[in-house]
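The next block holds one structure in the form of structure tokens; read it before the comments.
The values are calculated or read from the model by the stated rules, or taken from the named source; none is laboratory data. Fair warning: this is a prediction, and the values are worked out from it, not measured in the lab. Here the Cβ positions follow ideal geometry from the backbone for every residue, glycine too, while neighbour counts run over all protein chains shown. Ligands, DNA and RNA are stripped out before the accessible areas are found, and what is left, the full protein with its side chains, is counted by its heavy atoms. Shrake-Rupley method; radii C 1.70, N 1.55, O 1.52, S 1.80 Å.
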Amino acid sequence: MGFDYYMNPFAEWIGWFPKHYSREERVLVHKIDLLILVFACFSTWACNLDVNAIYNAYVSGMQDDLNLYGNRLSYLNAIYWVGTIAFQVPSNAILTIVPAEYYIPAFEIMWGMFTLGTAFVKNYNQLMVIRFFVGVTSTPCWIGNVHIINSWYRKQELGKRNAIFYNTYPLGAMFTGYLQNACLTLDGVGGLQGWRWLFIICTIITVPISFIGVMFFPNVPGKCNSRWLTEAEKELAVKRLLDEGFAPSQGLSWGILKRVFKAWPTWVFLILANLYWQTPYPSTTPYLLWLGDNYSINLTNNLSTISYAISIVSAMFFAFYSDWRGNRWDSLLMAGVVVLVCNILLLIWNVPTGAKFFAFIALGFCNGPINLVIAWIAESLAHDLEVRSIALAFVNMGYCILALVVPLSVFQTKDQPRFFAGYIWSVAISVLELIMIPVPLYLERRDKRLGIHQAETDLVIASAAGLEEMSKEIAAGDESISSNEEKKYLDIKVNALS
């Protein structure tokens, strides 16, 4: 009786997987969790450390040492996002043809080296160049991992796995402050300031994680060469996804962009996801600035830690709930209503302090369903792996653009703590987000009723079996196809989906 035997009752009880799973599938899910989530979470956690390190370094001596006055910190943040935005779509397109177990770890090493380079910059111009390449090389470590995670799991498993992956961000933010304090004790060691040691230690954490990826991280099902999965498990991984309507890879071609831009999820979720991702923004920087204006540093740090913890709990709550419910929309709707109320309270502003606390903390709680949008996109594009990969990057690119623009426009630091323009923006997009939620729900039901993507999935399955032309003719109702040939095709389809 192995580890999986003792974990199964608990896993069933918490809904980690359904009771009807065979022992073979349970073992496979446990292995996938270990092989994918461990590396993906550590990789993204390290990325978050490196990204946040610049802000911690700024207040720990970097500002004076490199003369980062005026808007220079904002420009450093902007150039990072420019690098990230530029490489989002190309990176995930490349990932569909290059083995993930080498591609993502390779970029992790490069990103670690650029992080190390940050420790030795001499001036602002050098730092600008380094930050651009930190943005470029960190891109596959986030959006690439998103693609791999959403290519291995059944629909009722996606919410929980995306939530665990998302939680690396608040965990990383919580840990960075402690790491910063530890590095400050190294000030002067080796002739280096404490903030420089912060980037060196981030690199020491980052680079070994890449070797974990090379050893354990698998490519997508159908292209997986992992030594840790048996051939039977690799076949089961493909079959169980076909059963959920997830089609295997079709390969990358010049027609991919046409497929991406013709797919309604690309555009609908570009709008819906980025509206929702921005609505709880006041729970981040505006909340911290308000705390800093009214409370001591220690109390501010403690309250911000509590806010991160609430976000983590919320992510898991909504993930389990949405997987249990079998949909994503009602979680987004419930959270969206709360977000609207909270943003209205902050727009009014002249409310009791307790009401402000409620608004900021409840907004942090409503960060939880953020990851469910990713799962919804993956489910809506189950019929096309390559389109799914690029659409995820395209939608995330929208987030990166807004992360660059919004703080510089409606949430300018000079307007703190009132942020009147920012809260008008937040209320407006909260209303638009609630209006947008029914749109993908209607389009999904329409596609299912008309069987639009089922034909595409059947064609991919037949193509994988070497029967592409037959499947096209059957789909077109060609009477020249004999009943035996049609039966052969249908048998292949049934076997693939069983």
Of the residues E108, E101, only one is under 25 Å from E386 (Cβ atoms), of a type in the set (D, E, K, R), open to solvent by 10 Å² or more (accessible area, probe 1.4 Å) and part of a helix (DSSP H, G or I); which?
E101
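Does segment 216-223 include one or more residues that are in a helix (DSSP H, G or I), open to solvent by 10 Å² or more (accessible area, probe 1.4 Å), touching a Phe, Trp or Tyr at 6+ places or on another chain (Cβ under 9 Å) and under 21 Å from Y102 (Cβ atoms)?
Residues of segment 216-223 in a helix (DSSP H, G or I): 216.
With open to solvent by 10 Å² or more (accessible area, probe 1.4 Å) added as a condition, the list becomes 216.
Those left that are additionally touching a Phe, Trp or Tyr at 6+ places or on another chain (Cβ under 9 Å): 216.
So of that shortlist, the ones also under 21 Å from Y102 (Cβ atoms) come out as 216.
So far as segment 216-223 goes, yes, one or more of its residues are in a helix (DSSP H, G or I), open to solvent by 10 Å² or more (accessible area, probe 1.4 Å), touching a Phe, Trp or Tyr at 6+ places or on another chain (Cβ under 9 Å) and under 21 Å from Y102 (Cβ atoms).
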Which condition from (1) touching a residue at least 40 places away in the same chain (Cβ under 8 Å); (2) closer than 26 Å to N371 by Cα; (3) surrounded by fewer than 24 Cβ atoms within 10 Å (Cβ to Cβ) is the one that F211 breaks?
(2)
Residue that is surrounded by the fewest Cβ atoms within 10 Å (Cβ to Cβ) [pool: residues in segment 39-74 that are modelled with pLDDT of 85 or more, of a type in the set (A, V, I, L, M, F, W, C) and within 14 Å of C141 (Cβ to Cβ)]
F42
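How many of the residues in segment 356-366 are open to solvent by less than 40 Å² (accessible area, probe 1.4 Å) and either more than 27 Å from N167 (Cβ to Cβ) or within 27 Å of the chain's Cα centre (by Cα) (or both)? Working first, answer last.
Taking segment 356-366 and keeping what is open to solvent by less than 40 Å² (accessible area, probe 1.4 Å), we get 356, 359-360, 362-364, 366.
Narrowing further to those that are either more than 27 Å from N167 (Cβ to Cβ) or within 27 Å of the chain's Cα centre (by Cα) (or both): 359-360, 362-364, 366.
Residues meeting the conditions: 6.
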Check on P9, more than 21 Å from the chain's Cα centre (by Cα) and surrounded by fewer than 17 Cβ atoms within 10 Å (Cβ to Cβ):
yes
Which condition breaks for K234 when tested against (1) open to solvent by 20 Å² or more (accessible area, probe 1.4 Å); (2) part of a helix (DSSP H, G or I); (3) touching a residue at least 40 places away in the same chain (Cβ under 8 Å)?
(3)
If I filter segment 382-400 for residues that are more than 23 Å from N150 (Cα to Cα) and more than 16 Å from the chain's Cα centre (by Cα), do I get at least one hit?
no
Among the helices (runs of 4 or more DSSP H) contained in segment 112-178, which hold 1 or more residues that are among the basic types (K, R), under 15 Å from the mean Cα position of the chain (by Cα) and farther than 21 Å from Q193 by Cα?
155-166
If you scan segment 259-286, which residues turn out to be free of Cβ contacts under 8 Å to residues at least 12 places away in the same chain and not basic (K, R)?
F261, W267, T284
Hits in segment 257-273 - residues which are open to solvent by 10 Å² or more (accessible area, probe 1.4 Å) and either in a helix (DSSP H, G or I) or closer than 19 Å to A428 by Cβ (or both)
L257, K258, R259, F261, K262, W264, W267, V268, L270, I271
If we keep just the residues of segment 336-355 that are touching a residue at least 40 places away in the same chain (Cβ under 8 Å) and buried (at least 17 other Cβ atoms within 10 Å of the Cβ), which is farthest from I164 (Cα to Cα)?
L347
I need the full set of residues from segment 75-96 which are out of contact with any Ser or Thr (no Cβ under 6 Å at 6 or more places or on another chain), open to solvent by less than 10 Å² (accessible area, probe 1.4 Å) and either modelled with pLDDT of 95 or more or over 30 Å from Y58 (Cα atoms) (or both), in order please.
L95
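For P369, are the conditions met, namely being buried (at least 24 other Cβ atoms within 10 Å of the Cβ) and not charged (D, E, K, R)?
Numbers: buried (at least 24 other Cβ atoms within 10 Å of the Cβ): yes; not charged (D, E, K, R): yes.
Considered against the rule, which asks whether it is buried (at least 24 other Cβ atoms within 10 Å of the Cβ) and not charged (D, E, K, R), P369 comes out as yes.
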